[in-house]
Amino acid sequence: MDGATIEDGEMKLFERKQAIYKSLDEKYLVHGQRYKGQQYSQIYFARLHHLRNLLHSLVTKWKPHLEVNTVLGLEESKECVIVGTIYKHMKLKPCILDEYSKERTAVPLVKPHNFLHPDDQLILEDEIGRVKLRGSLLNPTDFVTGIGLALHGMKTIEGDFLVQDLLQAGFPPQTKLPRLGEDKYVVFVSGLNVGSNIFNPLQFQLFVDHVTGHLGGENEQKMTSQIVRVVIAGNSVIIPQSVLNGQALTPEDQAKLTEPIKEVDILLTQLAAAVPLDIMPGPTDPANSFLPQQVDAACGVCMSRVCAANLGNILLFHFMQPLHRCLFPGASAYNTFFSCTNPHQFELDGFQFLGTSGQNIDDLDKYSSAQTKLEFVERTLRWRHLAPTAPNTLGCYPFTEKDPFFIESCPNVYFVGNQDKYETALLQGPEEQQVRLVCIPRFSESGVAVMLNLRDLNCHALNFSADLDA
């Protein structure tokens, strides 16, 4: 039973619908690997290998009459195609060495959220060389470091490459879209920010009561019973930075550190008792900061109880570790509670889901421009890469044999958490791919969650307000 209404003196019960769930987070797991001095060049080589093989297969149909050359094999005024990775030289890109410079920089001040400059330049690199790109076709504001491209053009007398046409990796292949004969909903929420001044407990409790079937009339109860999963896309907790100073914690500081975690656990326990729940780490959560943010599934119920009893002593340790289940002793007691990686990939009744807590899109917003955040989301799909700016400006683990952010198959739903506002679009690919893009706003600021229907991939916003004057 999920919800109930009283009708003609009798209680009407609604049974919650179920969906078959399969986690696909395996590719994002580090599996106990440790840093042993490996360099980030290896993840770029792995990325170039993936994208070059893909682009080479597409070039034969795109420009079958042209030869594919390496950067060092370019000949002046001879048209050809080159394949490589974009490097964006940015005049205003922050550099840690600038803090130690003896001379004051003459670079003009910029807004902290964006580092674009009219003099930014694009360079294409392969394994053996690099060449500066020219031409009106390439606008540096639309690209970032780490993208794989195939370029048609010629080498100029100055040694640059004049671009005449370009080819992106494009939409990945997609399995046939499943068909459902009934409504089933997935609810997305992000940016709870428990522990911050803007978190409203009553507002999120309204959300919990709605999802668990404790609010509304018969129609609302019926729709609530059709919710098959809730996904929390990062930034559930904000830990006060003032207590993370390396000093011994006073009892007052311990309370500041542990209370937000305990409050989240109480709320998640209510959700997990009623509906399957995925929680992803975000940049403010007590988890590792580098992508992919990890999950430690080794924590059992007994360990959860031990950790709960000593939460104040161990939280600093877990702050540099995965978003551990033992931080949520109440919620993790339920088999409906899943602590997931970021990025998070899963399958639900045959529908493919892919999402992040927003760091990849926020970083694109710093080093490129677009009309909306949704446009950034679409670009990553067309580039076939979740986080092209990693590891250049976005921290990630130094993988040596793979690039886990490469998008091999096209999802049916692609979601991004912790955005400024709710946005959505349904994309159609050239090979009948169909993708629902969703930008999930920060709940603590907007009071908005997102509800998606698996039957037709339509979605709408759920608005919750605790303001009695609204």
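For the reader, a short list of remarks on this structure follows.
- Hits in region 138-161 (condition: part of a loop (DSSP other than H, G, I, E, B) and not polar (S, T, N, Q)): Leu138, Phe143, Val144, Gly146, Ile147, Ile157, Glu158, Gly159, Asp160
Here's the yes/no breakdown for (1) touching a strand residue (DSSP E or B) at 6+ places or on another chain (Cβ under 7 Å); (2) in a strand (DSSP E or B); (3) more than 30 Å from Gln226 (Cα to Cα):
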| residue | (1), (2), (3) |
| --- | --- |
| Leu122 | yes, yes, yes |
| Ser136 | no, no, yes |
| Phe188 | yes, yes, no |
| Ser196 | no, no, yes |
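- Residue in region 41-49 that is of a type in the set (S, T, N, Q), surrounded by 15 or more Cβ atoms within 10 Å (Cβ to Cβ) and on the phi < 0 side of the Ramachandran plot present: yes
- Scanning region 140-167 for residues that are buried (at least 17 other Cβ atoms within 10 Å of the Cβ) and closer than 24 Å to Gly395 by Cα turns up Pro140, Phe143, Val144, Thr145, Gly146, Ile147, Gly148, Leu149.
- Only one of Thr250, Thr224 that is modelled with pLDDT under 90, over 30 Å from Asn360 (Cβ atoms) and among the hydroxyl-bearing types (Ser, Thr, Tyr): Thr250
- Selected residue [modelled with pLDDT under 95, under 30 Å from Ser57 (Cα atoms) and among the aliphatic types (A, V, I, L, M)] from Leu167, Leu177, Leu116: Leu177
- Some residue of region 412-426 being acidic (Asp, Glu) and at positive phi: no
- For beta carbons closer than 7 Å, sequence separation of 6+ or different chains, a first residue in region 198-210 that is without any contact (Cβ under 8 Å) to a residue 24 or more places away in the chain and assigned to a helix (DSSP H, G or I) and a second that is surrounded by fewer than 18 Cβ atoms within 10 Å (Cβ to Cβ) and not β-branched (Val, Ile, Thr), the qualifying pairs are Asp209/Leu215.
- Residues in region 119-149 that are in contact with a Leu (Cβ under 6 Å, 6 or more places away or on another chain) and of a type in the set (Gly, Ala, Ser) were compared, and the one that is farthest from Ala387 (Cα to Cα) is Gly135.
- Number of the exception - Phe353 against (1) within 28 Å of Leu457 (Cβ to Cβ); (2) open to solvent by 10 Å² or more (accessible area, probe 1.4 Å); (3) at pLDDT 95 or above: (2)
- Taken together, Pro172, Pro201 contain a single residue that is more than 27 Å from Ala272 (Cα to Cα) and either under 27 Å from the mean Cα position of the chain (by Cα) or surrounded by fewer than 19 Cβ atoms within 10 Å (Cβ to Cβ) (or both), which is Pro172.
The values are calculated or read from the model by the stated rules, or taken from the named source; none is laboratory data. A quick note: this is a predicted structure, and the numbers were derived from the prediction, not measured. Here Cβ is always computed from backbone atoms with ideal geometry, including for glycine, and neighbour counts include all displayed protein chains. Heads up: the accessible areas ignore ligands, DNA and RNA and are worked out on the full protein's heavy atoms, side chains in. Shrake-Rupley method; radii C 1.70, N 1.55, O 1.52, S 1.80 Å.
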